[in-house]
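Taking it in order: structure first as structure tokens, then the write-up.
The values are calculated or read from the model by the stated rules, or taken from the named source; none is laboratory data. Source: prediction; values computed, not measured. Cβ placement follows ideal geometry from the backbone for every residue including glycine, while neighbour counts extend to all protein chains displayed. Heads up: the accessible areas ignore ligands, DNA and RNA and are worked out on the full protein's heavy atoms, side chains in. Shrake-Rupley method; radii C 1.70, N 1.55, O 1.52, S 1.80 Å.
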Amino acid sequence: MNKKTYITAALCLVCLMANSASPAVRDDRAALQACIDSVSAAGGGRVELQQREYMLCGSLMLKNDVELHIPRGAVLRFSGVPDDFLPVVPTRWEGTELMGRSAMIYTNGQHNVSITGEGVIDANGGMMARWGQTATEEWQESIHGTHGETIEMPDVRRLRTMGDPDTFVEVKDRIFGKGTFLRPCAIEFYNCKGVHLEGFTLKNSPFWCIHPVYCDSVTVRGITIDSHYPNNDGCDPESSSNVLIEDCLFRTGDDAVAIKSGRDADGRRVGRPSENITIRRCRFFSECNGLCIGSEMSGGVRNVRMENVEIGKVKNALLFKSNLDRGGYIRDVVVDSITIAGVHGAVLRFETNYFGYRGGNSPSQYENFRISNVTAGKAEGYGIYYDGNEQCPIRNITVENMHVAEATVPYYLFHTRGCTFRGCTIGSQPVPLHPEESKQRQSCDVW
């Protein structure tokens, strides 16, 4: 960082500290945004916050070559008021492109952008988060937003139709602004290169927590996610490449990590895969699932490695999910050295009949997985659940040294090819090298 950048950042901090003294009415957003803009214009550098609370009535936009440093004792608290996050910006909502509300922290088309430090980002998303909850639900047992009849469902259906080939609407005209109810993410990087997130705690997201979409070279390191509203996935890399997620703690209301690449025909139209993704040395304490790929994976997912991860008691621990609308593929996945406290559904699950099927005929291809050194406690449902389909059988899945303490149903395989189990046990019983396939489809209704 050059001298000019230091001076600019220092002057911005003085401005922030002098901003309105009343916390009830204070809005630090404009001053902080001006600081980010000026540091970027000066060639880049660090914008370091003071150890206090900052109130932001609107989105914060990161810019080229800027590191936003939130030290221990600093809190960025957003207003939670839906229309503060307008005007609309380019984004993706559950895999369909649109012009929608901005994330609390949003970045579009920038490079070398960072958020660091041990402070707190409070997205304060309760008002918007409740758009994803039916009137009778309690937070303790949400059905994760778009699976139920919620206030946002008419907008969800309208957006899905806009992405269908027969009713296609240009993305610039898919406007979901004032008076609509699609929840934004807390942090979203859109079409960026060189993203670095490290150290901070993120709380209370209205929707997905961290969402890199169309990004290259992303590092998420040492982050704590503590967010328990509907659809609070911890990190969702979407149509992004060269992603590293390491040393993170996820306490989430939905999936801990879910890798995605677009939904149905709209995702296939874009056709951009997620690839070269590593997840390591993380702890997943999710109220839903552990590692997921999908269900929005229509652009394809390839070259994923997950290792040395601790998963608590979850619904499904290792879940790969799609349905006959999706198409696409998931291939070349390595999973190694995973411990799992227990599951309500399945320890290892390949699912081709996920929620929201709309009548398509585009099966997804799962192939070339190597899964090893997995230990799990009790599976109240299945130890192993492979639910393929006749058009695209699940292919070439090798599992070695997987041990499940007990399971109500040890294993279920349907429409598979070349799937093997070596040195695996469920309870005290070994799993056959090539288990016999089921003659009938079975369901696992734990999501």
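Report, to two decimal places, the Cα Rg of the range 51-199 normalised by 2.2 N^0.38 Å (N = number of residues).
For the range 51-199, the normalised Cα radius of gyration comes out at 1.12.
Using alpha-carbon positions, what is the distance between the centroids of the range 60-124 and the range 351-408, in Å?
About 35 Å separates the Cα centre of the range 60-124 from the one of the range 351-408.
Roughly how many percent of the accessible protein surface of the range 325-447 is carbon and sulfur, given a 1.4 Å probe and a whole-percent answer?
Roughly 46 percent of what the probe reaches on the range 325-447 is carbon or sulfur.
Summing -39500 (n - 2.57) over the DSSP H runs of n ≥ 4 in the chain and dividing by its residue number, what mean residue ellipticity at 222 nm do you reach, to the nearest 500 deg cm²/dmol?
Rounded to the nearest 500, the figure is -3500 deg cm²/dmol.
For the range 20-100, what is one quarter of the convex hull surface built on the Cα atoms, given in nm²?
Result: 6.6 nm².
Show me 418-429, 64-75 ranked by packing, highest mean number of other Cβ atoms within 10 Å first.
The most tightly packed comes first, giving 64-75, 418-429.
Measure nothing fancy, just the Cα-based angle from helix 29-41's long axis to the longest principal axis of the chain, in degrees from 0 to 90, nearest 10.
With rounding to tens, the tilt is 90 degrees.
List every residue whose amide H lies under 5 Å from the amide H of GLY342, counting only residues 5 or more places away in sequence or on a different chain, with H placed 1.01 Å from N in the peptide plane.
Excluding prolines and chain starts, which carry no amide H, the hits are LYS313, VAL314, GLY377.
Quick one: with all protein chains in place, what share of the accessible area of the range 70-139 is carbon or sulfur, to the nearest percent (1.4 Å probe)?
Exposed carbon and sulfur together represent 51 percent of the surface.
I need the per residue convex hull volume for the range 219-321, using only the alpha carbons, in cubic angstrom as a whole number.
79
Using the heavy atoms of the protein chains and a 1.4 angstrom probe, tell me the accessible area per residue for the chain in square angstrom.
37
Over the range 211-268, with every protein chain in place, what whole percent of the accessible area is carbon and sulfur at 1.4 Å, could you tell me?
That fraction is 39 percent.
What is the Cα coordinate range of the range 129-281 on the first, second and third principal axes, sorted by size from largest, in whole angstrom?
So the extents along the principal axes, rounded to whole Å, are 41, 37, 23.
Tell me, what does the Kirkwood hydrodynamic radius of the range 168-223 come to in angstroms if you use every pair of distinct C-alpha atoms?
Mean inverse Cα-Cα distance, inverted, gives 13.3 Å.
If I take every Cα pair under 8 Å that is 6 or more residues apart in the range 218-357, average their sequence separation and divide by the length, what percent do I get for the relative contact order?
Here the relative contact order equals 21 percent.
Please list 3J(HN,Hα) in residue order for the range 180-188, calculated via the Karplus relation 6.51 cos²θ - 1.76 cosθ + 1.60 where θ = phi - 60°; whole Hz, with x for glycine and proline.
Here the 3J(HN,Hα) series is 10, 9, 7, 6, x, 6, 7, 10, 9 Hz.
So if I average 1/r over every pair of distinct C-alpha atoms in the chain and take the inverse, what Kirkwood radius in Å does that give?
Kirkwood radius, the chain: 22.3 Å.
Any idea which of ASN368, VAL404, GLY381 is furthest toward the positive side of the dipole for the range 354-416, if Lys and Arg beta-carbons carry +1 and Asp and Glu beta-carbons -1?
Ranked along the dipole, the leading option is ASN368.
Rounding to the nearest 20 debye, state how big the charge dipole of the chain is about its Cα centre with +1 on each Lys and Arg Cβ and -1 on each Asp and Glu Cβ.
The calculated dipole for the chain is roughly 620 debye.
Can you give the % of DSSP beta bridges in the chain that are antiparallel, to the nearest 5?
If I count the DSSP bridges inside the chain, around 5 percent turn out antiparallel.
What order do you get for 97-108, 150-161, 328-339 when each peptide is scored by the mean count of other beta carbon atoms within 10 Å, highest first?
Answer by packing, highest mean first, reads 97-108, 328-339, 150-161.
Kirkwood Rh over alpha-carbon pairs of the range 383-447, then Stokes-Einstein at 4 °C and 1.567 mPa s: what D in µm² s⁻¹, rounded to an integer?
The Stokes-Einstein estimate is 105 µm²/s.
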